[in-house]
Amino acid sequence: MKKLLVLGLLAAATNAPAANKAVLLEVPVTYHADAGVVAKVKEECKPEEQLATRVGEVMKKLSREGTGTVASAAEAAEAGDAAVLRLQITHVLGVGGGAFSGPKAITVNAELLEGGKVVRQTKINRWSIGGVFGAFKGTCSILDRSAAAIGKDLGRWVRDPSYQIKEEAAPKDAEPEKQAAAQ
């Protein structure tokens, strides 16, 4: 039984190339060409910077050295033997008005690259209505909560190749947000 457990652990370790090496977030985080984002929210909240900060902090903790990020233009030279996590924002759901205008969400595509080649990819969407004191928070701070949740999920995803990020359903009160965005 112990031999079987040891063999299972060794097999898992060999199937997890990024689990044993540093993973750096490629910055800047970019937008997909068809990304849906309200211009005012993009300008004021800067979701790409929120993601770079939040996910970068997680990658720094996992790597235990450096900044946790690498500039996209210098990826090959600066990354060394580290894996690179590339994020692309595909949608930001949010308008002004904080929690009063409904929940906020960020959707990103994530790619894990090793040696410049994509070894895994996933899509992640996280919603927030602002938490306990959501009624007193603005749109940007609520989106930052979503960015923090994405960082936490991606931290687990890069460490554990078997971890599947589950699609998060929209909160029940997401409908007012859609109506406000349509106006």
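Quick note: the coordinates plus some simple rules give every number you see, no bench work behind them. Please read all numbers here as calculations on a predicted model, not as lab measurements. Quick reminder, even Gly has a Cβ in these numbers, built from the backbone with ideal geometry, and neighbours come from all protein chains shown.
Details
- With 23 Å as the limit on Cα-Cα distance, the pairs of Lys21/Lys152; Lys21/Lys46; Lys40/Lys152; Lys104/Lys152; Lys61/Lys152; Lys60/Lys152 that go past it are Lys21/Lys46; Lys40/Lys152.
- Computed 3J(HN,Hα) for the stretch 58-66, one whole-Hz value per residue from the Karplus formula 6.51 cos²θ - 1.76 cosθ + 1.60 where θ = phi - 60°, is 5, 5, 5, 5, 5, 6, 6, 6, x, glycine and proline marked x.
- By average C-beta atoms within 10 angstrom, highest first, the peptides 52-63, 34-45: 52-63, 34-45
- Förster-model FRET efficiency, 22 Å R0, Lys123 and Glu65, C-beta, rounded to 0.05: 0.15
- Full extension of the segment from Lys46 to Arg159, taken as 0.36 nm per residue of separation minus the current Cα-Cα distance, would add 38.0 nm.
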